[in-house]
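Written out below as structure tokens is the structure these notes cover.
Derivation of every value follows stated rules applied to the coordinates shown; laboratory data play no part. Because the structure is a prediction, the values reported are computed rather than measured. Here the Cβ positions follow ideal geometry from the backbone for every residue, glycine too, while neighbour counts run over all protein chains shown.
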Amino acid sequence: MAEATTSVVEKSAERAAPKKSLQLNEKLIGILMISPSVIAIAVFVYGFIAWTGWVSLSRWRGIVADLSYAGFENYINVFKSYRFQTDIRNTIVFTLFFLLGSLVIGLLLAMLVDSRVKGESFFRTVYLFPMALSFVVTGTAWQWLFSPGTPQEPHGLNQLFHMFGLHVYQNWSTTSYVWPGGGWRPDWLRIPVGIPVAMIPVIVAAIWQMSGFTMAMYLAGLRGIPEDLKEAARVDGASEWQIFRKITLPLLQPITLSAVIVLGHISLKIFDLIITQTGGGPGFATDVPGIYMYETTFKSNKYAEGAAVAIIMLLLVSVLIIPYLIYNMRSETER
Amino acid sequence: MRSKISILSIFLIFASILFIACGGQGGTPTASTGGTSQSPSPSPAASAQPTQSANQGSSAGENKLEIFSWWTNPGEADGLKALFEIFKKRRPGVEVINATVAGGAGTNAKAVLVTRMRGGDPPDSFQVHAGQELIGTWVVAGKMEPITDLFKQEGWDKVMPKTLLDQITYKGEIYSVPVNIHRSNMLWYNIEIFKKNNLQPPKTIDDFFKVAEKLKAKGITPLSVGGKDKFEVPHLFESVLLATFGPEDYPKLFKDPSMWENDPRLDKAIDTLNKMLDYANEDRASLSWADAAQRVIDGEAAMTIMGDWAEGYFINKGAKPNKDFGWAPAPGTSGSFLWLSDSFGLPKGAPHRENAIEWLKVCGSKEGQDAFNPKKGSIPARTDADKSKYDVYLRWSIDEFKRDKLVPSIVHGAAANEAYMTDYDNALNLFSANRDKEELKGMLLDAASELQSQ
């Protein structure tokens, strides 16, 4: 069928103008049109990624560039450092809870908004608003909210609890306690394994900001599920919960996947939210590779080590993105 | 015909991109790492390279002076303005550009400065902490001109303390003019609380723990410490190090890295810090140094150990010296002055070198320092200050500066370079959170590998 269409085009093209030179011309123009972007991306994105990779294999520390080859020395130093191991643990904790929270809350909100209540568009807008803020604003505001004050003079959320007579006093952002306590760690790690309690305020702020995004995606998805499927299921005697589990959720799978990819890659690179909210937290309890890279490169002037951290972050993100791209391309060719 | 128009439009797009890219160059100075200004400099300051780069910064020909700093807060901004006024009197007709980058402690400014210096677009002069921060970052990279001759010519080597000059000399040359001196090892206390409890400001570390015990029993936080600015606990520890090692051996810590591994006094210092933190507030991580100081004048805490910029903060809040707040050298450090200094140097390739040198002369002059320091809340690096211009605390500090033993601050760029400072700060911030003494010792030892030989 594809061949038939092409030959029709060809025949009409033949009638319009000489065949070969027009096609060549069009191809040439097409290439020329996109070449500025291609060149810019090739140089400023891929060229500089390659340059960063090269710097990460060098010995550059200090203002004067020292590009002598140092093998994987920087990578070894980074992996051995207390700070980087904490960063990896924190990133895993943050990604897990952020993804889970955003997806669950997004889905809940989407289902609520989808039930065609009055003022649906108002609620939709309200839930979506936090996404319009920059992470810097979110981080600063939530820092104030979670700032504990003292038990005698509470601040932020604690003040709210105090006003309502609730005897709750959280001091998560000031403690480096890792749950469960005891500081257990395997021998080959330098850091206690677990959930740093100081991450909770950061996770809450991030979920607050991005659950509107997942809500919007799920809303579109829910609206895309044909009603007759559900009607047929009801006729067959399925309960609402069964309909949800067997029809709605599976059909939302591609959306969940997209949301996971987008949110996942945000959380692997996160920097501005954390640095404004906790600055890396009490004793690295909320530190992440983005902050480590920034401080190593721009405060300590250790460019080679910073480049190594950047390449590691790139690899982490590609572990997430590349399977998704492959899956996407395969399903497109299948169609 | 259509394809011809398309090709033409593509060429136009290409041409306009090239035009924009190249046209922008006129505004941004390109690499001229060795170029100096046109006229031969009357100052005997050495190593003037005679090459003149044709495409130097667009401001090169005009009569300007660009000073790069992070003095944006009131007080310091006023002091800087006062210096500009003096400069303008000496060189009327020069446009003074106040290139500041906001962001406390200059982290943003320093990042911008690195970009400019590496790109060959140095300002005429920039604010930098005198000592290893300047030397370890800029001098070893070959970006600064030595100004030892200027020191001799202006007679600064006679009015500034010799220990201070020794500690900012590298391989026999001096590279910056100290404008002010702040003191790091200071204890500030609430006079009301001390009077009510019949206490005297502690002189030794043992005194400190006796006083702290009494205060803790009364339910008053003995020591108020911050943590949000990531330098408060490192700042506290350098006073503890000074108290433990003494003014003779403390500077050796930065010349002999093996001391961090072998010296038993290090363990003693870490134990002292650990014990001190037992008497400090638990919510350190959410307080800045100013919040911690505020608790002292509010009467919620009794003492805080912070540099003497805290005095400026107290005065700003309306507290009265010797009535609401008192001061003393940090326990165990009486007789030693942990100095830090803001200074200005001469970068190689300064676009207006003559003006820059005149600026340095203003910075080092009695007139300049006495105009700047009362506003900033610091004391001059010169010992011939006009004391009538300074408040009661600064007058005391000027006297101390003349007779105490001078030792360089770690946390504020005098004793060690930036890479060491970051590692040291990280080690102590981690310790403030997890109180792991072994981890602290290990990290301090790792940090010591960043110390460069001088």
Sequence-separation-based contact order of the stretch A:71-192, relative, with Cα cut under 8 Å and 6+ spacing, percent: 18 percent
Enumerate the lysines that A:K20 could reach by cross-link, defined here as Cα to Cα under 22 Å, with residues fewer than 8 away along the same chain left out. A:K11, B:K4
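Please report B:R183, B:R118 as a ranked list, fewest other C-beta atoms within 10 angstrom at the top and most at the bottom. Spell out each step's value before the answer.
On the way: B:R183 25, B:R118 16.
Starting with the residue having the fewest Cβ neighbours, the order is B:R118, B:R183.
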Rounded to the nearest 10 degrees, what's the angle between the helix B:2-23 long axis and the longest principal axis of chain B, both from Cα atoms, 0 to 90? 50 degrees
Per-bin percent of Cα-Cα distances, the stretch A:171-234 [10 Å]: 18, 24, 19, 17, 15, 6
B:I97/B:E367 FRET efficiency (R0 25 Å; Cβ-Cβ; nearest 0.05): 0.70
Sorting check: for A:143-155, A:312-324, which peptide has the highest mean count of neighbouring beta carbons within 10 Å, and how do the rest follow? A:143-155, A:312-324
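Relative contact order for the stretch B:238-388: what percent, with Cα pairs under 8 Å and sequence separation of 6 or more? Provide the component values of the computation, followed by the final result.
Values: 75 pairs, mean separation 32.3, N = 151.
Result for the stretch B:238-388 is 21 percent.
What average number of partner chain Cβ atoms lie no more than 10 Å from the Cβ of the residues making up B:283-290?
Partner Cβ neighbours, averaged per residue: 5.
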If each residue's Cβ is checked for other Cβ atoms within 10 Å, how do A:V137, A:V178, B:V112, A:V43 rank with the fewest at the top? A:V43, A:V137, B:V112, A:V178
Cα centroid of the stretch B:394-454 to Cα centroid of the stretch B:123-154, whole Å: 21 Å
Pop a pseudo-label 7 angstrom from the Cα along the beta-carbon direction at both B:E400 and A:L100 and give the gap in nm to one decimal. 5.3 nm
For the stretch A:181-231 versus the stretch B:277-345, the gap between their alpha-carbon centres in whole angstrom: 42 Å
Under the definition of partner shielding as Cβ atoms of other protein chains within 10 Å of a residue Cβ, what is the mean value for peptide B:440-447? 1
For the stretch A:81-334, taking Cα atoms only, what is the radius of gyration to one decimal and the Dmax to the nearest whole Å? 21.2, 69
Where labels lie 7 Å past Cα in the beta-carbon direction, separation of A:S37 and A:A65 in nm: 3.0 nm
Can you tell me which of A:44-50, B:124-130 comes out highest on packing, and rank the rest after it, using the mean Cβ neighbours within 10 Å? B:124-130, A:44-50
Neighbourhood charge, 15 Å Cβ-Cβ cut-off, centred on B:D386 and excluding it, Lys, Arg +1 and Asp, Glu -1: +2
Packing-based order for B:233-240, B:329-336, using average beta carbon neighbours within 10 Å, highest first: B:233-240, B:329-336
Over all alpha-carbon pairs of the protein assembly as shown, lay out the pair-distance distribution in 10 Å bins, whole %, shortest bin first. 2, 11, 18, 21, 19, 13, 8, 4, 2, 1, 0
Computed for chain A: size of charge dipole around the Cα centre, +1 on C-beta of each Lys and Arg, -1 on C-beta of each Asp and Glu, debye to nearest 20, value 320 debye
Rank A:L157, A:L108, A:L24 by mean-square fluctuation in a GNM of chain A with C-alpha springs under 10 angstrom and give only the top-ranked residue. A:L24
Which residue fluctuates most in the GNM of chain A (Cα springs below 10 Å): A:Y69, A:Y303, A:Y218? A:Y69
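So, R0 is 35 Å and r is the distance between the beta-carbons of A:D236 and A:V117; what FRET efficiency does that work out to, to 0.05?
Values: r = 28 Å, r/R0 = 0.80.
With R0 = 35 Å, the Cβ-Cβ based efficiency is 0.80.
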Sorted by Cβ density within 10 Å, fewest first, the residues A:F123, B:F325: A:F123, B:F325
Which whole-number percent is the relative contact order of the stretch A:81-334 (Cα, under 8 Å, 6+ apart)? 28 percent
I want to verify a result. In a Gaussian network model of chain A, Cα cutoff 10 Å, which of these has the top mean-square fluctuation: A:A206, A:A110, A:A232? A:A232
Taking each residue of B:143-152 in turn, how many C-beta atoms of other protein chains fall within 10 Å of its C-beta, and what is the average? 0
Quickly estimate the mean residue ellipticity at 222 nm for the protein assembly as shown, helices only: each DSSP H run with n ≥ 4 gives -39500 (n - 2.57), and the total goes over all residues, rounded to 500. -17000 deg cm²/dmol
